[in-house]
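> Sending over a structure as structure tokens; questions will come in a sec.
The values are calculated or read from the model by the stated rules, or taken from the named source; none is laboratory data. Quick caveat, the model's predicted, so the values are computed rather than measured. All Cβ positions, glycine included, derive from the backbone under ideal geometry; neighbour counts span all protein chains shown. Heads up: the accessible areas ignore ligands, DNA and RNA and are worked out on the full protein's heavy atoms, side chains in. Shrake-Rupley method; radii C 1.70, N 1.55, O 1.52, S 1.80 Å.
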Amino acid sequence: YKSTGLVGLMASGVPSKGAALVDAVCKKVEAVAKGVSDAQLAHAKALALGELKASTASTSGLISSIGAQVLLTGKFNAAESAAAIQAVTAAEVSSYVASMLKASPSLAAYGSLAGLPRVDAVAKRFA
């Protein structure tokens, strides 16, 4: 986790379509690594800002947000967090995802695993 951190992707589907689901998620991640549109970036920023507002709207959410930010950065400032979200560029997103794809993935699954590819098969897609 030296330069990319820990990133989680979650998807769910019917067991018989597990391989197709993993393939679709991999294709989406590969596409983001190649670039995101201004509209996609604006949508992602709106979601992140909405999550920031929602997480600080209640006392318990605010306390949780403060705790997480203090542990990560040593301080909490919602305005700085919002500004940091707004400052993210499409090039930064693509660069981050491209570097993430160079790391060895982990795969966790719950339920019927018969239709899922092995983690080494998923890793080969990004090698």
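> So, P117, is that one in a loop (DSSP other than H, G, I, E, B), open to solvent by less than 80 Å² (accessible area, probe 1.4 Å) and without any contact (Cβ under 8 Å) to a residue 40 or more places away in the chain or not?
So P117 does not fit the description; no.
> To continue, here is another question. Taking the residues in the stretch 81-110 that are of a type in the set (S, T, N, Q) and open to solvent by 70 Å² or more (accessible area, probe 1.4 Å) as candidates, determine which candidate is nearest to A42 (Cα to Cα).
Looking at residues that are of a type in the set (S, T, N, Q) and open to solvent by 70 Å² or more (accessible area, probe 1.4 Å), I get Q86.
> Then there is this: One residue is enough: does the stretch 53-73 have a residue meeting the conditions at pLDDT 90 or above, within 14 Å of the chain's Cα centre (by Cα) and open to solvent by 60 Å² or more (accessible area, probe 1.4 Å)?
no
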